[in-house]
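As structure tokens, the structure follows; a few thoughts come after it.
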Amino acid sequence: QVHLVESGGGLVQAGDSLRLSCTHFGGSFGAYTMGWFRQAPGKQREFVATISWGGRTTDYVASVKGRFTISRDNADKVYLQMNTLRPEDTAVYYCAARTGGPRNSPEDYSYWGQGTQVTVSS
């Protein structure tokens, strides 16, 4: 059974940076495509970034391109480096895993973490 645990959220000011981490427990980490999603109050869960099992393919939502970077190690972690944060980036950020290639729909992911709060003040 795959279990995902996020960390690294917090309260920052606009323009600051944060690095989120997600640790993958159970199963073979290298077999899973990983994704980051976020959900702001009153809004639907939104795709942020995804990375293929081998790390060669990445994709981002347009609003974070050039500011956020997704990466993964060879052990059990996926990261989301977030630079030049904006107040509209405020949300609960979720890590997700799926078998198969990268996708940007939450419905395509089978495993989810509990989320970590990111709050960006203006």
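The values are calculated or read from the model by the stated rules, or taken from the named source; none is laboratory data. This is a predicted model, so every value here is computed, not measured. Please note: Cβ atoms are built from the backbone with ideal geometry, for glycine as well, and neighbour counts cover all protein chains shown. The area values use the complete protein model at the heavy-atom level, side chains included, leaving out ligands, DNA and RNA. Shrake-Rupley method; radii C 1.70, N 1.55, O 1.52, S 1.80 Å.
Shown in residue order for region 8-25 are the 3J(HN,Hα) couplings computed by the Karplus curve 6.51 cos²θ - 1.76 cosθ + 1.60 at θ = phi - 60°: x, x, x, 9, 9, 9, 4, x, 6, 10, 9, 10, 8, 10, 9, 9, 9, 10 Hz (x for Gly and Pro). Here the extension length gained between S121 and R67 equals 17.7 nm, from 0.36 nm per residue of separation less the Cα-Cα distance. D76 contributes about 50 Å² of solvent-accessible surface, heavy atoms of the protein only, 1.4 Å probe. Orientation-averaged projection of the chain equals 6.7 nm² [convex hull of Cα atoms, one quarter of hull surface area].
With both labels modelled 7 Å from their Cα along Cα-to-Cβ, the S17 to E107 distance reads 3.7 nm.
Charge dipole (Cα centre; +1 on Lys/Arg Cβ, -1 on Asp/Glu Cβ; no other charges) of the chain amounts to roughly 140 debye. Ligands, DNA and RNA left out, the accessible area of the chain computed with a 1.4 Å probe is 45% carbon and sulfur.
The HN-Hα couplings worked out from phi for region 66-78 by the Karplus form 6.51 cos²θ - 1.76 cosθ + 1.60 (θ = phi - 60°) are x, 10, 10, 9, 9, 8, 8, 9, 8, 9, 7, 10, 10 Hz, whole numbers, x standing for Gly and Pro. Dipole of the chain computed with +1 at Lys/Arg Cβ and -1 at Asp/Glu Cβ about the Cα centre; of G42, G15, Q117, farthest Cα towards the positive end is G15. The largest accessible area among R45, R67, R72 belongs to the first residue in R45, R72, R67, and the rest follow in falling order (1.4 Å probe, all chains).
Once the 1.4 Å probe is applied to the protein heavy atoms, the chain comes out at 50 Å² accessible per residue. Taking every DSSP bridge with both residues inside the chain, close to 90 percent are antiparallel.
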